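Here's the structure we're looking at; comments come further down.
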Amino acid sequence: MRRVLAGLLVTSVAAGLLTHGPAALAAETPVTVVSSTFEDDTLQGWTSRGGETTAVSSAVAHGGARSLLVSGRTQSWEGPVLALLDDVEKGVRYNLSVWVRLAGGEEPARLRMSVERHADGVTSYEGVAGDTLVTADGWVNLTGGYTLTSDADFLTTYVESSSPAASFHLDDFVLSYTPLPPIQTDIPALRDVVPFRHFGVAAEPALLYGEHGRLLDRHFSSITPGSQLKWDATEPAEGAFRFTDADTLVDWAKARGKAIRGHTLVWHQQTPDWVFKDSSGADMTPTAENKALLLQRIETHIRAVVGRYRDDITAWDVVNEVVDEAQPDGLRRSKWFEIAGLDYIRTAFRVAHEVAPNAKLVINDYNTNVPAKRDQLYNLVSQLRAEGVPVDAVGHQMHVNVDWPSAAETEAMITKFLPLGVDQQITEMDVSIYTDSNQSYPSPPAASLLAQAQRYRDLFAVFTRYAHAISSVTFWGLADDSTWLDTFPVTRKDHPLLFDTRLRAKDAFWAVADPSRIGTVLPTATCEIAYETTTQWQSGFLGSVRITNSATAPLDSWTLAWSYANDQRVTQLWNGSFTQDGPVVTVHGAPWNSAIPPGESRSFGFLADWSGANDRPASFVLNGVPCRWV
Ligand SMILES: [Ca+2]
């Protein structure tokens, strides 16, 4: 499994896609906790991280007439920093947003925004917005989410640059959060209605709080720590074991009587470099000596990690993604394999079984519904079990999409392993709304969400038919507000899970809970927006927007909001009035076009400045309700 990213690039306007009901709508408004505009000619709490100079500047501004200018940098980590400890509450998901621009004459550079946290004498650096190309020609928005998940005694946010010397401006920083509505309690608890012994999600510490924690607790009977038990988290340096984050998840689950899946002991990713260095510190080559050293490291690692949770973790993904059907022998050419051959798998299972004889030991992989891969995995499991290697279960990751695989392919995946008498587990399920890397939807099309529900329904029908052979079903994430698919295989918003970005049950939820109700939560689009750039020139453009009332009731008045992804600024608008706050434009209808009868449309036009790029807004919200765009 790949890493789950905590960061989620959602603006305050886009955060409410597909939520319905008064409670959800009332909670859509973001609450600003901190904002920095520098219009009072002070630093507003910002300081320098190092020896650079931080000062208010009137050379350029994103909003108003002033910005912050950082100059005299000599180190990449030098940059403006703001203390947040007094402003941030544990367990709340915040959005951080700031506009940056290089000082005049600077060569383009990559800037990023991060959080620095100190706790128990340990310093952590957590990314909020990744490296983003910035120039001296226009403002660029850095934005991302952050949740503080443990007590801290120091917490700051800062902006730095890959280019040590670049001087840059910063303006319109906002720290905000959008309160979540209470979770639905009038829907079935999934763990009570599915036939599987364990029904779980991959969890991060941020999911244990507030409404996320309540949703997780209500519907699921098992968790899989998403990244906290991987080798790079538990043994980043040889013999230096670290269990703080894993303990947080394990303790939470134990206190609520939930099962815990361990993920993962041996994988070709997220393994520190030191594991593959020989005794002199050079990269290992395939020698008998190096093989012995590598197997010894596997044994030491597994004894420590599995041993710590011997009484708590009921299943372990002992090895992950070891099959490569393109190889004649079906075995992935990882460093593990190149140095130790199949013995790395044998050793991992043997030691795990010695330490935790009651845990189910799993060989976990993706695309096990592809016949060539499935058959190579079958051959490997057959061989290992014939040798007496304690492989108890096959893990099917099930990272699939709305079009694939079919129920028949999935049934063939399950039935292939039945003769071996092994347990089977669905370990990382999600159903992407995308079927190729070129697609990117500003908001999830209703047809995709319906297809997704039907896919979940068909695949769960197979799992249910073979529930006697499947002890566990786990999703790779809790809700659509945070999924690793937002950045894999490309960056775009995905919606692959059972709950939406506001934690409301989707049709995909009903596909699992009660398929007869699929379609009952499909959004009834009440508005459609046509947004057009009519004319565009070097620094400006002319735009038009048409709003269609597709509901059955008349609209007496309307307020439309959207959020620009680039540095667009509306300067004039007709047939309405407007305000712009950072990227968010809000338009009220003029007296003569504020009423829209059902089925009719009203339009307005505007003039705006742009620089860098002029992408259309990702989403539109009319009177607090997301619209369909056409
Ligand atoms: Ca300003």
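Laboratory data are not the source of any read-out in this text; all were calculated from the coordinates shown. These numbers come from a predicted model, not from an experiment. Every residue, glycine as well, gets a Cβ built from its backbone with ideal geometry; the counts of neighbours run over all protein chains shown.
Once both axes come from the Cα atoms, what is the angle between helix 288-308 and the longest principal axis of the chain, in degrees from 0 to 90, rounded to 10?
Once rounded, one gets 70 degrees.
List the pairs from LYS254/LYS373; LYS230/LYS335; LYS254/LYS277; LYS335/LYS373; LYS90/LYS254; LYS360/LYS493 whose alpha-carbon separation is above 26 Å, in the order I gave them.
LYS254/LYS373; LYS254/LYS277; LYS360/LYS493
Treating the angle as unsigned and between 0 and 90°, give the value, to the nearest 10°, between the Cα long axis of helix 210-219 and the longest Cα principal axis of the chain.
In the chain, helix 210-219 runs at an angle near 40 degrees to the longest axis.
What's the extension gain from ASP581 to GLU126 if we count 0.36 nm per residue and subtract their Cα-Cα distance?
161.1 nm is the gain from fully extending ASP581 to GLU126.
Evaluate 2.2 N^0.38 Å with N set to the residue count of segment 195-485, then give the Cα radius of gyration divided by it.
1.00
At a Förster distance of 51 Å, what's the computed FRET efficiency of ALA288 paired with TYR531, Cβ-Cβ distance as r, to 0.05?
Plugging the Cβ-Cβ distance into 1/(1 + (r/R0)^6) gives 0.15.
Kirkwood hydrodynamic radius of segment 108-170 from all distinct Cα pairs, in Å?
12.9
Would you mind putting 350-360, 170-180 in packing order, based on average other-beta-carbon counts within 10 Å, highest first?
Result, highest mean Cβ count within 10 Å first: 170-180, 350-360.
Figure the gain on full extension for ASN379 and ASN358 (residue separation times 0.36 nm, minus the Cα-Cα span) and round it to one decimal in nm.
5.1 nm
Kirkwood Rh, segment 31-177, all Cα pairs: how many Å?
Here the Kirkwood hydrodynamic radius works out to 15.2 Å.
Please check which bits of segment 566-581 a label hung off LEU542 would reach, taking the label as a point 7 Å along Cα-to-C-beta and the cut-off as backbone N under 18 Å.
Zone members listed by number: 569-576.
I need the per residue convex hull volume for the chain, using only the alpha carbons, in cubic angstrom as a whole number.
167
What FRET efficiency comes out for the pair THR571/THR53, r = Cβ-Cβ distance, R0 = 35 Å, nearest 0.05?
E between THR571 and THR53, to the nearest 0.05, is 0.60.
For helix 407-417, report the angle its Cα long axis makes with the longest principal axis of the Cα atoms of the chain; keep it between 0 and 90° and round to the nearest 10°.
Here the helix axis deviates by roughly 30 degrees.
Which FRET efficiency, nearest 0.05, do ARG333 and ALA613 yield, Cβ-Cβ r, R0 60 Å?
E between ARG333 and ALA613, to the nearest 0.05, is 0.90.
Evaluate the Kirkwood expression for the hydrodynamic radius of segment 480-630, namely the inverse of the mean inverse distance over all pairs of different C-alpha atoms, and round to one decimal in Å.
17.2
At a threshold of 8 angstrom on Cα-Cα distance, excluding pairs fewer than six apart, so keeping six or more, what relative contact order does segment 527-629 reach in percent?
Relative contact order of segment 527-629: 38 percent.
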